[in-house]
Structures are given as structure tokens and as C-alpha cells.
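Colleague: The structure is given below, and queries will be raised subsequently.
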Amino acid sequence: MNSLFIKNIDVLATIEHNHTWQEIKQAAIVVEENQIKFIGTTVEATRWIAETRPDIERDGFNKVIDAHGCVVIPGLVNGHHHLYQTLTRTTGTGHGMVLFDWLKFLYPIWARMTPEAVYVSAKVGLTELVLSGCTTVADHLYLYPNGSKIDDEIRAAQEVGVRFHPTRGSMSLGESQGGLPPDRVCDTEPTIIKDCIRAIETFHDPKPFSMLRIGLAPCSPFSVTGNLMQESAALARQYPLVNLHTHLAETKDEDRFCLEMFGKRPIEYAESVNWAGEDVWFAHMVHPNEAEITWLAQTNSGVCHCPSSNMILASGIAPIRQMVDQHVRVGLGVDGSASNDGNHMLGEARQAMLLQRVGWPGFESRADSFTARESLELATLGGAKLLRRDDIGRLVVGKAADFVAFRVDDLAHAGGLADPLASLLTCAPGQVWLSVINGRVIVEDGQFLPFELPPLIERHNQISREMVAG
């Protein structure tokens, strides 16, 4: 039996369902297999082990880690990503392009992707995410050139050891039909639906503690038809815990496109094609009005906030403060590595906190407009709720053993120990010191354990150069 004892944690922090944080000093966690068995102080844990686990006390744990100088929190949940975009970092973003122009610039480059490119880029992006504190990742792969499949990134996730929610994305509305992407990166809708069924029936695991769940994700209102949106929703709802995901209300250009193409604003359009409810979460949601925020709350539809991407592409500032106040399900995502140029989930939580403090036109900005703990809740329990998971997002006995430790006794946090938990976001976001995913140690003492990184980076950069050069 796998057994793990993390002791002498400076502060162990976990979010409660009433939006308060429980913070335990000199804490410990006991893990057996992939499940949390005890949380408390180190003294209490030692007593519990002696009373309830004499075999472990006698024979010892498989691994004991002294986490003195660390803050331990639930593993971060990344609710929206495009892993393949690690291949085109800085390609377009450095020139200040907005979303539609940026996409048109990059579609021809992405059309050169191969199955190996999808696999290698996913492996790079997932590793970077893990080192930033992420333990669960939802990815949106929406184009499949040259024989690429969702299988390619699933293989990468299994080798990294991350909990994975890949979504089988799609594009079917090419330029010839009034859409944004060129026809050559689109697929026919029968082909898309057939492969969605294959992906679900091959890979989807709805059981508790699942490491792999499939979602369906038509890309956006400007790249798929209403028919595909409806068919995808109907298909997903035939299977347990297959979620629905798409981009929505990201830019003013999208607003104009939807009004011209469908005669509706983006959210009204989503409602018309049966995209609402607890199984739906939308990426971005930068431009909802007050009535639409109320609709999101009433329908229990989720929102994944991607602050860095929205800033880089000049999309705007999502009104997350208002959404949270109306009890909309909100989580965080780093979005594509080419519209962020980074995969740092703790850094994204910091950006979310700062951006809500800046505010938006008509919003009275204040330093207390969004606290560090509120942002950390979005990055943990908020993301778990987006994905309809009740086995992750909190550190509670019986939940999955997904947690991370950050050092707060280092140079970047010197003088910040008045509030160690908040310092994770108010100080410079650091690299994870320890990462445990499903009870398995993936990062220890800051070192990524599953495989060597230099050969992966070298091959990734070679593929990237060839793709961009054409």
C-alpha cells in the first residue's frame, strides 16, 4: 500500500464550502493510496498513526517529507487551456494583435501540426503547469490536422501524471460559410461527432478519483454551426459526467459577429442551442451584461476566467467580482500558451486578484475588491466545481490526495510571514516545492520526477521552429 506522511507544514490551508479558509499551523497530512486519511497538526497526526495504524508505525511510511517552511494548499485546477500553443509562444502576441487578427495569423501555422507536435507540446505545457502548482488540467484541442487525435495529448498527460480533462474540440464553420477559420482547418460535422463518440467511449472515466474525463467542446460561435452545438450537447448528455465547453463572450468582435450571424448576443445564442446548466462551462465571458450574469447564476452555467490572455489580446476585463457576488460558478484558466506565453497557474491566480482590483469602466476599484483568498478559491474549489468534481479542490479526509507545497522561507517571501497564505499571491508567484497528484509524488524538493526535461525541451523547440518557418 502506498503511504505518505507530510509533516511540520508551516501552514496547511483549505477552503470550506462557506467560502472561509481553514488554516492549520504545524500541520500534517497522511495519505494512503490516492486518498487523504488524516489532516491536523503534526502532533495530532503522530498520535493518530499510533492509535489507528500500528502497522505503519512499526514498518514506516513509503515516504516521509518534512515540509517545514512551506504552505500547503489544494492542487490548483486549470479550467481552460490549449496545450498545443506552446509551439507558437510570442508568435503574434508580441505585435499586439487582437483575437480575430491573431487567430487568422496563426491558423495556417497550426495547420502544420502533426501527432508528434500535439504530444510533445502537451507534455511541455503540462509539465510547466505542474511546476506552477497545477494538479488538474482541462484542455481544449479544437483542430486536428495531419492525423492528429485527442489521444496524442492524453498520452502526454498520462506520462506527466496529471489529472486530465481533455475536451474534444471542433471547428466546422470555415471562411466559405461565413466563419473565421480557413476551411482547411475545419472538419465535417459527421466526422466530428463520430470522433467525439470514439473519444468518450475509449477514454472517459466517470468514477470518483478518475484521472481522465472527456468533454465536448465546439470551439466558438464563429467557428462552428448551431447544429453542431446542439448535436454536441445532445451527445454529451447521453453519458455520465461528460461536460460541455466553449469560448463565449470573449471580445466585442464576437458580439458583433453573433449579432450579424445569428441576430443574437453570444449568451442568447448559447441558450438557443441548449448550452446552459451545470454540465456547461464557458471560457472567458469578458462581456456579459448584468442580465446575462444573472442568467449564468440562475442556470448554474460555469465561467473560466483567463485574465492574462484577456490582457495580452486586449479583450477586456471580465466582471468576476459581480459574477462571484451572484454565485456564478467561476474558476481560472491560463488559456493557450500562445495567448499567455506562460503556463503558471499560481501566477494566473495572482493576475486574477490584481485585475479585479483594477476594475473596469464604471467599477469603483479598491484594494479590497478581490482578496488573495478569493482568488485562491477560484483556482482550487472553483475549478473543481467547473468540472463537476467533488473529489478534488479541498483538503478533506476522504478526498483525493491532490495537494501542493510552496516554500515561504525563501528570498521572495522574506518579510511576508504575517500572512503566509496570502503571500503566495501578493509576493512573486513561485515554483512548487512539492506536488502530490492522486497520492503520487510528482515534484519533490522542486524537482520534476517523472522524466528528464532537457531532451523534451530540445525536441519541442525543433518542432516549433519547423512549424513557424513552414
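The values are calculated or read from the model by the stated rules, or taken from the named source; none is laboratory data. A quick note: this is a predicted structure, and the numbers were derived from the prediction, not measured. Note: ideal-geometry Cβ built from the backbone for every residue, glycine included; neighbour counts use all protein chains shown.
Colleague: What is the one condition in (1) over 19 Å from Glu153 (Cβ atoms); (2) surrounded by 15 or more Cβ atoms within 10 Å (Cβ to Cβ) that Thr246 does not satisfy?
Modeller: So the condition that Thr246 fails would be (1).
Colleague: Quick check on segment 148-195: of everything there that is aliphatic (A, V, I, L, M) and in a helix (DSSP H, G or I), which residue is surrounded by the most Cβ atoms within 10 Å (Cβ to Cβ)?
Modeller: Going through the qualifying residues, I end up with Ala156.
Colleague: Answer yes if at least one residue in segment 445-467 is touching a Lys or Arg at 6+ places or on another chain (Cβ under 7 Å) and not in a loop (DSSP other than H, G, I, E, B), and no otherwise.
Modeller: yes
Colleague: Could you list, in sequence order, all residues of segment 324-344 that are at positive phi and modelled with pLDDT of 95 or more?
Modeller: Across segment 324-344, the qualifying residues are His327, Asp335.
Each row is one residue, and each column tells you yes or no for (1) of a type in the set (Val, Ile, Thr); (2) closer than 26 Å to Asn310 by Cβ; (3) without any contact (Cβ under 8 Å) to a residue 12 or more places away in the chain.
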position	(1), (2), (3)
Arg213	no, no, no
Pro218	no, yes, no
Leu228	no, yes, no
Val242	yes, no, no
Phe262	no, yes, no
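Colleague: Something else about it: Starting from residues that are crowded, with 24+ Cβ neighbours inside 10 Å and hydroxyl-bearing (Ser, Thr, Tyr), keep the ones in segment 371-408 and report whichever is nearest to Phe38 (Cα to Cα).
Modeller: That would be Thr380.
Colleague: Okay, moving on. Need at least 1 residues that are under 24 Å from Gly342 (Cβ atoms), modelled with pLDDT of 95 or more and of a type in the set (Gly, Ala, Ser) per element, so show me which helices (runs of 4 or more DSSP H) inside segment 248-323 make the cut, counting only ones lying wholly within it.
Modeller: Ranges flagged: 307-312.
Colleague: What number of residues within segment 202-228 satisfy the criterion of being charged (D, E, K, R) and surrounded by fewer than 24 Cβ atoms within 10 Å (Cβ to Cβ)?
Modeller: Residues in segment 202-228 being charged (D, E, K, R) and surrounded by fewer than 24 Cβ atoms within 10 Å (Cβ to Cβ): 2 in total.
Colleague: Please specify each residue of segment 368-393 satisfying the condition of being under 18 Å from Glu278 (Cα atoms) and assigned to a loop (DSSP other than H, G, I, E, B).
Modeller: The answer is Leu387, Arg388, Arg389, Asp390, Asp391, Ile392, Gly393.
Colleague: Moving to a separate point now. If I ask for residues that are over 25 Å from the mean Cα position of the chain (by Cα) and within 30 Å of Val77 (Cα to Cα), which ones from segment 188-216 would you list?
Modeller: Lys194
Colleague: Another question, if that's okay. If I ask for residues that are free of Cβ contacts under 8 Å to residues at least 12 places away in the same chain and crowded, with 17+ Cβ neighbours inside 10 Å, which ones from segment 25-50 would you list?
Modeller: None - no residue of segment 25-50 is free of Cβ contacts under 8 Å to residues at least 12 places away in the same chain and crowded, with 17+ Cβ neighbours inside 10 Å, so the list stays empty.
Colleague: Here is a further query. Would you confirm whether or not segment 81-98 contains a residue that is touching a strand residue (DSSP E or B) at 6+ places or on another chain (Cβ under 6 Å) and not in a loop (DSSP other than H, G, I, E, B)?
Modeller: Within segment 81-98 (the criterion being touching a strand residue (DSSP E or B) at 6+ places or on another chain (Cβ under 6 Å) and not in a loop (DSSP other than H, G, I, E, B)), the answer is yes, since at least one residue qualifies.
Colleague: So which of Asp205, Asp183, Asp187 ends up being free of Cβ contacts under 8 Å to residues at least 12 places away in the same chain and within 23 Å of Phe164 (Cβ to Cβ)?
Modeller: Checking each option against the conditions leaves just Asp205.
Colleague: So, one more: Out of Gly316, Gly342, I need the residue that is over 26 Å from Ala270 (Cα atoms), surrounded by fewer than 24 Cβ atoms within 10 Å (Cβ to Cβ) and more than 12 Å from the chain's Cα centre (by Cα). Which one?
Modeller: Gly342
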